[in-house]
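Student: The following block contains the structure, expressed as structure tokens.
The values are calculated or read from the model by the stated rules, or taken from the named source; none is laboratory data. If you're wondering where the values come from, they're calculated on a predicted model, not measured in any experiment. Counting neighbours? That spans all protein chains shown, and the Cβs are built from the backbone with ideal geometry, glycine included.
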């Protein structure tokens with residue numbers, strides 16, 4: 001069995017994915033990198049709510065960001081999250 005912290009981190013990852021707003025953000029970022037303003041429009045949330053969700057996803061290492069001047073762009077942190085998301089999506093579509 002893996003060490004307890006591994007199970008704790010896995011549970012926290014699934015908990016982060018358990019919110020519909022965050023799932024929408026992950027879906028959008030699985031398609032393309034976006035700034036918070038564009039992402040808020042795509043997922044139909046306020047910029048403030050989108051920023052709040054992105055901060056949580058960043059703390060969980062699910063998304064990463066980079067800055068271009070005053071604009072911050074977001075993308076998925078790695079392919080594992082994208083695969084996990086698409087596997088879950090395929091499961092619920094069956």
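Student: What about residue 18, is it without any contact (Cβ under 8 Å) to a residue 24 or more places away in the chain and outside any helix (DSSP H, G or I)? I'd like the intermediate steps shown before the answer.
Tutor: Values: without any contact (Cβ under 8 Å) to a residue 24 or more places away in the chain: yes; outside any helix (DSSP H, G or I): yes.
So residue 18 passes the test.
Student: Does residue 72 meet the test of being over 13 Å from the mean Cα position of the chain (by Cα), surrounded by 11 or more Cβ atoms within 10 Å (Cβ to Cβ) and either assigned to a strand (DSSP E or B) or on the phi > 0 side of the Ramachandran plot (or both)?
Tutor: yes
Student: Looking for whichever is under 12 Å from the mean Cα position of the chain (by Cα) and exposed (fewer than 10 other Cβ atoms within 10 Å of the Cβ) here; the options are 20, 5. Which one fits?
Tutor: Every option except 20 fails the conditions.
Student: Which count do you get for residues in the range 75-88 that are more than 10 Å from the chain's Cα centre (by Cα) and in contact (Cβ under 8 Å) with a residue 60 or more places away in the chain?
Tutor: 2
Student: Could you list, in sequence order, the residues of the range 37-65 that are in a helix (DSSP H, G or I) and in contact (Cβ under 8 Å) with a residue 40 or more places away in the chain? It would help to see each step written out before you state the result.
Tutor: In the first step, residues of the range 37-65 are kept if they are in a helix (DSSP H, G or I); the result is 37-43, 47-59.
Across the range 37-65, the qualifying residues are 56, 57.
Student: Can I ask one more? Output the residue which, of all residues in the range 72-94 that are closer than 15 Å to residue 34 by Cβ and in contact with a helix residue (DSSP H, G or I) (Cβ under 8 Å, 6 or more places away or on another chain), is modelled with the lowest pLDDT.
Tutor: 82
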